[in-house]
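Asker: Okay, here's the structure, questions in a sec.
The values are calculated or read from the model by the stated rules, or taken from the named source; none is laboratory data. Being a predicted model, the structure only gives us computed values, none of them experimental. Glycine also receives a Cβ, built like all others from the backbone with ideal geometry; neighbour counts cover every protein chain displayed. Heads up: the accessible areas ignore ligands, DNA and RNA and are worked out on the full protein's heavy atoms, side chains in. Shrake-Rupley method; radii C 1.70, N 1.55, O 1.52, S 1.80 Å.
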Amino acid sequence: MIKKAILTLLCLAVVGFGGFAVFAYRPAFSPIRVSDLPAFDPEVVEQGRLMAAAGFCSECHSVPGNAPYVGGYGMETGFGTLYSTNITPDPETGIGAWSEEAFVRAMHEGVDREGRHLFPAFPYDHFTLMTEADVRAIYAYLMTEVAPVDATVPENGLPFPLNLRIWQASWKLLFVDLGRFEPNPDKSAEWNRGAYLVEGATHCGACHTPRNLLGAEIRSKDFAGAAIDRWIAPALTAENPATIRWTAEEFTEYLKTGATRAHGVAAGPMAPVVHAGLQKLPEADLKAIGVYLGEVVGAPQSAAEAQAAIETSLRAGQPSTRYRLDLGERLYASACAACHYNAAQIAPGSPDLGINSATRLDAPDKPLQVILNGVGNEEGMAGVVMPGFRNALSDNEVAAIAAYLRASRTDATSWPELTNTVARIRSAHAD
């Protein structure tokens, strides 16, 4: 009886796995030659350049010091390190042997030319929303405007059996709705354009939405903020802790210039997203993104309320004549206040640290990153830089400044283990 039951279970397991294998199977596309490529319309190529910028493809498919799009960018996940692929038109190590159909399938379904399921570090769960015309335009741009580079990327660092790509078919079954963007007929054309870009090409949720234990975005927490590359991508919802609410105009200004008066500058992982990516888009697209995200925030604030919050924070930041007993206050006064002090109004390029989200986030990583590493010429507002203090201040001194700002400029509880966090972030960037 037991033997029969075991055999039955084994048969069911074999049949079940066989059915799953059939479900997961995707055929390979035959390789093509350069001579097989069609002649692309220059307007299509230009559209592809813009869409590639919107998706900041070069940022994830490049590493500093190498040619763009050659891959090798390491992405730390909770399961191991994944490396982006070479998407130059090199036929051996890039996508030079890929047909348009193979490229479209990769973008829309997360399957490569050889029929292997892609890991979701490649955000095909967002790109699936893009029109076929936009995806084909990116292909045209990559195949004609990007130089082929023979470059092999490192092997992914996933342990067995997580490195078996067949399991990605079940991940898709659980977490991905494949299909194109469907406009909302109750919204304006501008809102729908913004939704298309934010949810698809620019895949904002990939960084700003927290993920579950299996690495999928938690749909009930869209844009609720998440940790990314040892930084914090703040919430784009009403949960954003900034005193001044984001508006459609603020989003557009931030993406256009890399800075706003109330919300500081684009730094860290967000800097290339703005300066090498979204900033390339036409202003109409940036306005559309602002309109959509402005509604996502969903927390209107009157101009009078915003101005009152600004004035309160500015008063709190005015210099005190009393003796500066607190180490953080003294260090802030000597190292930071000269650039961050505002008297009657917030000056462009001089963020008020009591207003924006950096000092109000649950985790201190973002302000500590900026204090340690500064804001470079390629980040934030054009022509405005901030020096890093990693070689000038100790872990304890950096922690003291952060603790002072948290205590004096916000009503939030203090950050625990600040000195240890400074040491961790400093060490992570030592290489």
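Asker: Give the residues of segment 265-295 that are among the aliphatic types (A, V, I, L, M), more than 17 Å from the chain's Cα centre (by Cα) and open to solvent by 40 Å² or more (accessible area, probe 1.4 Å), sorted by residue number.
Answerer: Within segment 265-295, A284, V291 qualify.
Asker: Any chance you could count how many residues in segment 1-27 are assigned to a helix (DSSP H, G or I), closer than 22 Å to K172 by Cβ and not hydrophobic (A, V, I, L, M, F, W, C)?
Answerer: Of the residues in that region, 3 qualify.
Asker: Moving on to the next point. Every residue in segment 352-396 that is charged (D, E, K, R), part of a loop (DSSP other than H, G, I, E, B) and open to solvent by 20 Å² or more (accessible area, probe 1.4 Å), please.
Answerer: R360, D362, E378, E379, R390
Asker: Another question, if that's okay. Report whether or not A97 is of a type in the set (A, V, I, L, M), in contact with a Pro (Cβ under 6 Å, 6 or more places away or on another chain) and either more than 22 Å from A54 (Cα to Cα) or touching a residue at least 40 places away in the same chain (Cβ under 8 Å) (or both).
Answerer: For A97, the condition - of a type in the set (A, V, I, L, M), in contact with a Pro (Cβ under 6 Å, 6 or more places away or on another chain) and either more than 22 Å from A54 (Cα to Cα) or touching a residue at least 40 places away in the same chain (Cβ under 8 Å) (or both) - is met.
Asker: Then there is this: Condition first: modelled with pLDDT under 95 and in contact with a Ser or Thr (Cβ under 7 Å, 6 or more places away or on another chain). Now tell me which residues in segment 185-222 satisfy that.
Answerer: Result: G215, single match.
Asker: Does H117 satisfy being crowded, with 19+ Cβ neighbours inside 10 Å and touching a strand residue (DSSP E or B) at 6+ places or on another chain (Cβ under 8 Å)?
Answerer: Spelling it out, H117 is indeed crowded, with 19+ Cβ neighbours inside 10 Å and touching a strand residue (DSSP E or B) at 6+ places or on another chain (Cβ under 8 Å).
Asker: Further question: Identify the residue in segment 28-54 that is in a loop (DSSP other than H, G, I, E, B) and modelled with pLDDT of 95 or more and, among all such residues, is surrounded by the most Cβ atoms within 10 Å (Cβ to Cβ).
Answerer: F29
Table: residues versus (1) charged (D, E, K, R); (2) within 13 Å of the chain's Cα centre (by Cα); (3) crowded, with 23+ Cβ neighbours inside 10 Å.
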position	(1), (2), (3)
K221	yes, no, no
A227	no, yes, no
W231	no, yes, no
A235	no, yes, yes
A242	no, no, no
E253	yes, no, no
K256	yes, no, no
H263	no, no, yes
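Asker: Right, E92: open to solvent by 40 Å² or more (accessible area, probe 1.4 Å) and in a loop (DSSP other than H, G, I, E, B) or not?
Answerer: yes
Asker: I would also like to ask the following. Please state which one of G200, G215, G194 is open to solvent by 10 Å² or more (accessible area, probe 1.4 Å) and within 25 Å of A227 (Cα to Cα).
Answerer: G215
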